[in-house]
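Here is the structure we will look at, set down as structure tokens.
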Amino acid sequence: MQLNPFVSKTVFVFGTANTVTVRIEHRKVMEEVKDILLSFHKRMSIYESTSEISSLNHMAGCNSLSISPEIYDLIRRSIAYSKLTNGAFDITALPLKKIWQTAEQIPTEAQIYRAKKLVNYRNIVFSDNKIMLKHSGMGVDLGGIAKGFAVDKVVELLKIRGIASGVINFGGSVFVLGEERFVGIQTPFGKKGTYIGTIRVKNKAVVTSGAYENYRVINGTAYQHILDPHTGYPVNNELLAVTLIGAKAEELDALATGVCVMGIQKGYDLLKKRQIDAIFIKKDGSVLLTEGIKESFSFKEATYEA
């Protein structure tokens, strides 16, 4: 009987399962991974009342707050992604998220208008190691970038520890380190473990974002969780899901959300400039691939899912 040469560890933070798989001889690194993830969650989650982000939101419109260097820099980079996407990705969209997340009825135009006035990444003020949100009622939510950030940090840790092979899968934000593997692309609205196809990758991140992942039913209509910061409403375009393939999971995490808002053409133009490959799944069921992955995408059986 052949023993499985790999060992996995799953930590539940960021509202999802976060799994790291390495060779069994490197299993000691798992406790370090767990500590890193719990630390990030404690500092970044809007659902932790004492987190740095919750404290920042609580002080909106009043005072600036000293932020740890890692989170400070992450917020800085989030602003850069907002600029790249012309605001399609915006970490200040929390006021909109709150009204849609709890809505029993479609929010009124007045509610949308009031929330939209508080959404603008340009109203995050940086000073030395401090950050301030300009207006009372503003709120930052790093949920659209946190998993990718954490993936990259764990990849960095594995490399520091001399670990040359492994797979990180944080709620569909995947990084394949070392050995080449097939990553499955989930069929939208399909049973978990059913794929439209697979992408063959090595030393790359694979990140998926889509309308099917999380939605709320109001008056019999499903409204997806990705909101357009410009309109204040859930995204409604031809794109059902997008999977991005590139070097850094953090960048892919932010841009995947942005592309879902921007739509296929504008999203494609941006990704081409950033040299990021993509799999676009349209609502009509058709699948579009960028040139760089046409040879590595297939319908073979998957090992890991994005």
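Points worth noting:
Each row is one residue, and each column tells you yes or no for (1) part of a helix (DSSP H, G or I); (2) closer than 24 Å to HIS41 by Cβ; (3) at pLDDT below 95.
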{"position": "GLY61", "(1), (2), (3)": "no, no, no"}
{"position": "ARG76", "(1), (2), (3)": "yes, yes, no"}
{"position": "LYS83", "(1), (2), (3)": "yes, no, no"}
{"position": "ASN86", "(1), (2), (3)": "no, no, no"}
{"position": "LEU96", "(1), (2), (3)": "yes, yes, no"}
{"position": "PRO107", "(1), (2), (3)": "no, no, yes"}
{"position": "ILE131", "(1), (2), (3)": "no, yes, no"}
{"position": "ASP141", "(1), (2), (3)": "no, yes, no"}
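- Among the residues of region 287-306, those that are modelled with pLDDT under 90 and open to solvent by less than 40 Å² (accessible area, probe 1.4 Å) comprise SER298, ALA302, ALA306.
Residue by residue, here is whether (1) modelled with pLDDT of 90 or more; (2) closer than 22 Å to VAL174 by Cα; (3) of a type in the set (Gly, Ala, Ser) holds:
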{"site": "VAL201", "(1), (2), (3)": "yes, yes, no"}
{"site": "VAL206", "(1), (2), (3)": "yes, yes, no"}
{"site": "GLY220", "(1), (2), (3)": "no, no, yes"}
{"site": "TYR233", "(1), (2), (3)": "yes, no, no"}
{"site": "ASN237", "(1), (2), (3)": "yes, no, no"}
{"site": "ALA241", "(1), (2), (3)": "yes, yes, yes"}
{"site": "ALA247", "(1), (2), (3)": "yes, yes, yes"}
{"site": "LEU271", "(1), (2), (3)": "yes, yes, no"}
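- Sole residue being surrounded by 14 or more Cβ atoms within 10 Å (Cβ to Cβ) and touching a residue at least 12 places away in the same chain (Cβ under 8 Å), chosen from GLN111, GLN105: GLN111
- Verdict on VAL154 being touching a strand residue (DSSP E or B) at 6+ places or on another chain (Cβ under 7 Å), assigned to a helix (DSSP H, G or I) and within 14 Å of VAL22 (Cα to Cα): yes
- Only listed residue being free of Cβ contacts under 8 Å to residues at least 40 places away in the same chain, assigned to a strand (DSSP E or B) and exposed (fewer than 14 other Cβ atoms within 10 Å of the Cβ), chosen from ALA278, ALA222: ALA222
- Residue within region 82-90 that is crowded, with 21+ Cβ neighbours inside 10 Å, charged (D, E, K, R) and within 21 Å of the chain's Cα centre (by Cα) present: yes
- Count of region 11-22 residues which are open to solvent by 60 Å² or more (accessible area, probe 1.4 Å) and at pLDDT 90 or above: 1
- Filter result for VAL11 (without any contact (Cβ under 8 Å) to a residue 60 or more places away in the chain, more than 29 Å from LYS273 (Cβ to Cβ) and not in a loop (DSSP other than H, G, I, E, B)): yes
- Tally of residues being touching a residue at least 12 places away in the same chain (Cβ under 8 Å), in contact with a Lys or Arg (Cβ under 6 Å, 6 or more places away or on another chain) and among the hydroxyl-bearing types (Ser, Thr, Tyr) across region 31-76: 2
- Count of region 182-196 residues which are in contact with a strand residue (DSSP E or B) (Cβ under 8 Å, 6 or more places away or on another chain) and at positive phi: 1
- If you go through region 176-201 and keep only what is under 21 Å from THR10 (Cα atoms), open to solvent by 10 Å² or more (accessible area, probe 1.4 Å) and in contact with an Asp or Glu (Cβ under 9 Å, 6 or more places away or on another chain), you end up with PHE182, GLN186, LYS192, GLY193.
- With respect to being more than 28 Å from LEU177 (Cβ to Cβ), in contact (Cβ under 8 Å) with a residue 60 or more places away in the chain and of a type outside the set (Gly, Ala, Ser), ASN237 falls outside the description.
The values are calculated or read from the model by the stated rules, or taken from the named source; none is laboratory data. Computed from a predicted model, the values in this text were never measured in an experiment. Cβ coordinates were reconstructed from backbone atoms using ideal geometry, including for glycine residues, and neighbour counts include every protein chain displayed. Quick note on the areas: whole protein, heavy atoms, side chains included, nothing else; ligands and nucleic acids left out. Shrake-Rupley method; radii C 1.70, N 1.55, O 1.52, S 1.80 Å.
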